[in-house]
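Asks: Sharing a structure here in structure tokens format.
The values are calculated or read from the model by the stated rules, or taken from the named source; none is laboratory data. Please read these numbers as outputs of a predicted model, since none were measured by experiment. All Cβ positions, glycine included, derive from the backbone under ideal geometry; neighbour counts span all protein chains shown.
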């Protein structure tokens, strides 16, 4: 009896979750993908991992120039 | 007696009815998702220029851990890094100079989660001790004397993150057995609800600081739950139940605690999840040797990053600032870098001599930090 009750509860929860999921508003993939491409293009200039640095000195992790005694 | 039997009958009936409804709902979901799948991401991306040649080299090696590095996190100052290891140590590094600024010995080994607070003055961590502890960082005294217990789970802590005024987080779950990395959760980046829209899922990416910033911590645990804790009081504010051994990715609403979206597709455990910088998609890494991209608005998988030659599982994932590059840390000791749009691999980084267990890109998107074998 108790097991049955638990099963019922679990099933109810599942259906409830599925109801929420099926009520989600969806957009066509083409639209989402187009926006994703746009986002990438818009932020591309600032992405140092893609373009590298304009000047070496912009890179905080560059090797420091070493002093040499002449 | 008779009524008892009647009730049992009723219950069986309603179980059947519910199962039937679940089946129809599942079928409908499947149908709707496939109907909207009108184009392939890589087809759209064909017209784009190929990426410039990828130049990246290992700039710093942070040596000091005696065991496998399990987690790394960047500070918002783009300079400091926190790392935790199997040896039970938590180290805070200055990435510019490679100096260790703080070291905390935890009362446990396997510190599987660590995170820098948004203020840069606290770090949170936890592991096999089942606890999430916050350490304030100050140069005057030992952080361990000022430690603060925030939350306790009934199993190990697999991840912790400070919230940044986020509305939602994503979490993944794999098997519940004690394994290296089972479960991660990552909050979205500074996302606010659009107030004119009643739909909580429509969000904008405005970066705005709110008074509660950094006051809450999200934790994920081997007990299959994620929880949201208040740092000050240590109260649990929200608990997210629902994960089972299911290879799925769940998106939660942080305020209501309910699951708003589920993504399936991975064939094995999901080890890591990250929000796409726009907040509309989620990148995942899995033991099935693939990384995938799920779009939240299309409600389905839009990209899968795999190669026949890559047969090892992926432990960690992160995206570049523009979202064009995806970095995956794999068990074959290599960091593979993918073009998110075109779906091809653009580069590989070989600097580790063991499995790459974690990686993270700094908040300004410049350096990449990876953790593995013995050195992060």
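Asks: Looking at A:4, A:27, which is the one that is surrounded by 14 or more Cβ atoms within 10 Å (Cβ to Cβ) and either modelled with pLDDT of 85 or more or facing chain B (nearest Cβ under 7 Å) (or both)?
Replies: A:27
Asks: Can you tell me which residue among B:69, B:44, B:82 is buried (at least 16 other Cβ atoms within 10 Å of the Cβ), touching a residue at least 24 places away in the same chain (Cβ under 8 Å) and within 23 Å of residue B:231 (Cβ to Cβ)?
Replies: B:82
Asks: Then there is this: Return yes or no: is residue B:44 at pLDDT below 85, assigned to a helix (DSSP H, G or I) and in contact with a helix residue (DSSP H, G or I) (Cβ under 9 Å, 6 or more places away or on another chain)?
Replies: So residue B:44 fits the description; yes.
Asks: Of the residues that sit in the range B:266-288 and are touching a strand residue (DSSP E or B) at 6+ places or on another chain (Cβ under 7 Å), away from chain A (no Cβ under 14 Å) and without any contact (Cβ under 8 Å) to a residue 40 or more places away in the chain, which one is surrounded by the most Cβ atoms within 10 Å (Cβ to Cβ)?
Replies: B:286
Asks: Taking residue B:327 as meeting all but one of (1) in a strand (DSSP E or B); (2) more than 12 Å from chain A (Cβ to nearest Cβ); (3) under 17 Å from the mean Cα position of the chain (by Cα), write down the number of the exception.
Replies: (2)
Asks: Of everything in the range B:336-376 that's in a strand (DSSP E or B) and within 12 Å of chain A (Cβ to nearest Cβ), which residue is modelled with the lowest pLDDT?
Replies: So the residue we want is B:369.
Asks: Do you know which residues across the range B:41-62 are at the interface with chain A (Cβ under 9 Å from one of its Cβ atoms) and under 26 Å from the mean Cα position of the chain (by Cα)?
Replies: Across the range B:41-62, the qualifying residues are B:41, B:54, B:56, B:59, B:60.
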